[in-house]
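I have placed the structure first, in the form of structure tokens, so that the comments after it can refer back to it.
The values are calculated or read from the model by the stated rules, or taken from the named source; none is laboratory data. This structure is a prediction, so every number in the text was calculated from the model and none was measured. Don't worry about glycine lacking a Cβ; one is built from the backbone with ideal geometry, like all the others, and counts go over all protein chains shown.
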Ligand code: ADP
Ligand code: ASP
Ligand code: MG
């Protein structure tokens, strides 16, 4: 018999009426011939209220006790949901994470699922019951209650769908699908009919709070089609599956992280392993660094800039202080008044001009870009927080995200990915934990050259000007990084095909003359190494492991760019093959 998992978020179970409405949906699915597992979140803003209560007692509640507290929210709603189904004349059983057997590691408040037992759920389902599982929680080896991180019920739902080999995982929420950006911030946002796992992973990681990013890691790893829809009506919603909605649009969505903080470590000795000292200290605290930009100055010292979510800033600064001392770096500074705006789209990998278009649109509004990072399917910029929403609207508009892609009709007919229990079982069999890091490709591209403009006067329109002029020369830029340097000066590095180096340098030299800054630097032979897989950023140690293994053989990293699905590093071109071998070796145990 087919199994369907239905998850209801907080707003969708906020009061007794909504609980009864959700119960009716589950009963209807059962009547349609499915076995039904419901995953339920805490009612309304209950989790927030519990967090607030804890903060009233102490600023630093022990993480274990936080999990004990927060897990009660879901316990309330599963019990009420079971009562609701009962009252409607059907059988149901509520189960906590521990009762199901959702085993996690012991990283309280951010625990990862290791394994899930299906016995008890199957027994109840076979007995005709609707199973109501508490979202967001699990239990560790020592029987301590753990939680998966805010928004984690999505992850519970997709993980249960994966282990049960469910036919579908429905995410019922307060919007009727995935939009091109948060419709609460940009009313013109459009609901998309479908979105690929990679796009959704990137969007979730750059601020689209509609889905817990780790749920999409599960979905991709176990090929679970996820159907996001409104808990109220029966609108078609959005399918999250392997294929994107359309390939003719370079950008499929935009998102914002309003509360970012930027940290720059200045004057780091430019030697193998230096950046590693910074990264590993931060990774050790389970903090995910986001936009990472390393720019090497002429004096042989590098500035390393990166962003973290603002809540993680105090812990990050402590780690940075230690690293600065250890490295003999010149110092560090930070800015906690910044926001990150990103655009995402599979089409970006094959279409040119996306970056310039974005930079120009922001320049025309007079919005200054403080940092830039790009990866194959994502461009992120850091802007002043007070301009953030305007910046989001601006990029949404310039990429015409409100209008339907023209190739949509054809693609809609494509089959969605169906779950492949056998493939999933294979993967699980090889992994110790279901959420373990999984690498699927490590590759080398030695066809590029790097150009660096240092000490450029920072002002709105800078990036637009540089990349428009390069593009006007018919040159296709691959990676772009921009960071804040000394005294309001920016450093910009980018890679171009090696055959275009001379021409790019001509344009760059002309630009620097006009800017009145030092002549551009370049490296004619660079090698880009890409490590791609699932969990690249949520496993905070991936970038550190790359730096560490490369540093051990004396290879320095010039540029790094990270995304949910890929970490790219640029190294000296002569070291490419060696670096490739080192990375393949480093990740051999987790490569499929
Ligand atoms: P739930 O409680 O059901 O898990 P969430 O509040 O976590 O719901 O997620 C739904 C919210 O996500 C929406 O109300 C919407 O404001 C926000 N959101 C952010 N980005 C997007 C997006 N790209 N598409 C749809 N909703 C989005
Ligand atoms: N109740 C938890 C939260 O608010 C988990 C969830 O809703 O997904 O974060
Ligand atoms: Mg949610």
- Task: Kindly indicate which of 144, 86 is surrounded by fewer than 22 Cβ atoms within 10 Å (Cβ to Cβ) and in contact (Cβ under 8 Å) with a residue 12 or more places away in the chain.
- Result: 144
- Note on the structure: Within the stretch 168-184, of all residues that are touching a strand residue (DSSP E or B) at 6+ places or on another chain (Cβ under 6 Å) and over 13 Å from residue 228 (Cβ atoms), the one nearest to ligand 2 (Cβ to nearest atom) is 181
- Does residue 39 fit the bill of being under 29 Å from residue 434 (Cα atoms), within 12 Å of ligand 2 (Cβ to nearest atom), outside any loop (DSSP other than H, G, I, E, B) and within 25 Å of the chain's Cα centre (by Cα)? yes
- Message: Here are the criteria: (1) in a helix (DSSP H, G or I); (2) over 26 Å from residue 341 (Cα atoms); (3) in contact (Cβ under 8 Å) with a residue 60 or more places away in the chain; (4) away from ligand 3 (no atom under 16 Å from the Cβ). Tell me which single one residue 122 does not satisfy.
- Response: (3)
- Task: Working carefully through the options 122, 194, 150, find the one that is farther than 16 Å from residue 215 by Cα and within 16 Å of ligand 1 (Cβ to nearest atom).
- Result: 194
- Among helices (runs of 4 or more DSSP H) lying entirely in the stretch 488-592, which contain 1 or more residues that are out of contact with any helix residue (DSSP H, G or I) (no Cβ under 6 Å at 6 or more places or on another chain) and within 18 Å of residue 456 (Cα to Cα)? 501-515
- Task: Being surrounded by 23 or more Cβ atoms within 10 Å (Cβ to Cβ) and out of contact with any helix residue (DSSP H, G or I) (no Cβ under 8 Å at 6 or more places or on another chain) is the filter here, so list the residues in the stretch 214-228 that pass it.
- Result: 228
- Message: For the structure I just gave you, tell me whether residue 541 is within 23 Å of the chain's Cα centre (by Cα) and in contact (Cβ under 8 Å) with a residue 60 or more places away in the chain.
- Response: yes
- Filter result for residue 256 (under 30 Å from residue 317 (Cβ atoms), touching a helix residue (DSSP H, G or I) at 6+ places or on another chain (Cβ under 8 Å) and part of a loop (DSSP other than H, G, I, E, B)): no
- Which residues, counting only those in the stretch 333-356, are part of a helix (DSSP H, G or I) and more than 17 Å from residue 368 (Cβ to Cβ)? 346, 347, 348, 349, 354
- For residue 162, are the conditions met, namely being away from ligand 2 (no atom under 16 Å from the Cβ), over 28 Å from residue 291 (Cα atoms) and surrounded by 24 or more Cβ atoms within 10 Å (Cβ to Cβ)? yes
- Message: Based on this model, can you work out whether residue 74 counts as within 22 Å of residue 35 (Cα to Cα), surrounded by fewer than 18 Cβ atoms within 10 Å (Cβ to Cβ) and in contact with a helix residue (DSSP H, G or I) (Cβ under 9 Å, 6 or more places away or on another chain)?
- Response: no
- Query: If a residue has to be within 22 Å of residue 535 (Cα to Cα) and in contact with a helix residue (DSSP H, G or I) (Cβ under 9 Å, 6 or more places away or on another chain) to count, how many in the stretch 113-137 make the cut?
  - Reply: 6
- Got a number for residues in the stretch 166-206 being in a loop (DSSP other than H, G, I, E, B), within 13 Å of ligand 3 (Cβ to nearest atom) and more than 14 Å from residue 237 (Cα to Cα)? 1
- Note on the structure: The residue that is surrounded by the most Cβ atoms within 10 Å (Cβ to Cβ), considering only those in the stretch 10-36 that are out of contact with any helix residue (DSSP H, G or I) (no Cβ under 6 Å at 6 or more places or on another chain) and outside any helix (DSSP H, G or I), is 34
- Message: Among the residues of the stretch 75-85, are any modelled with pLDDT under 95 and within 16 Å of ligand 3 (Cβ to nearest atom)?
- Response: no
- Mind checking whether some residue in the stretch 269-276 is in a loop (DSSP other than H, G, I, E, B), modelled with pLDDT under 85, closer than 30 Å to residue 406 by Cβ and touching a helix residue (DSSP H, G or I) at 6+ places or on another chain (Cβ under 9 Å)? no
- Kindly list the number of the only condition in (1) touching a helix residue (DSSP H, G or I) at 6+ places or on another chain (Cβ under 9 Å); (2) crowded, with 24+ Cβ neighbours inside 10 Å that fails for residue 185. (2)
- Message: Tell me the residue from 288, 261, 302, 246 that is assigned to a strand (DSSP E or B) and closer than 30 Å to residue 9 by Cβ, please.
- Response: 261
- Query: On the given criteria, is residue 251 within 30 Å of residue 187 (Cα to Cα) and either in contact (Cβ under 8 Å) with a residue 40 or more places away in the chain or within 16 Å of ligand 2 (Cβ to nearest atom) (or both)?
  - Reply: yes
- Residue count, the stretch 125-159 (criterion: on the phi < 0 side of the Ramachandran plot and away from ligand 3 (no atom under 16 Å from the Cβ)): 15
- Task: Please specify each residue of the stretch 89-104 satisfying the condition of being under 30 Å from residue 433 (Cβ atoms) and surrounded by fewer than 18 Cβ atoms within 10 Å (Cβ to Cβ).
- Result: 99, 101
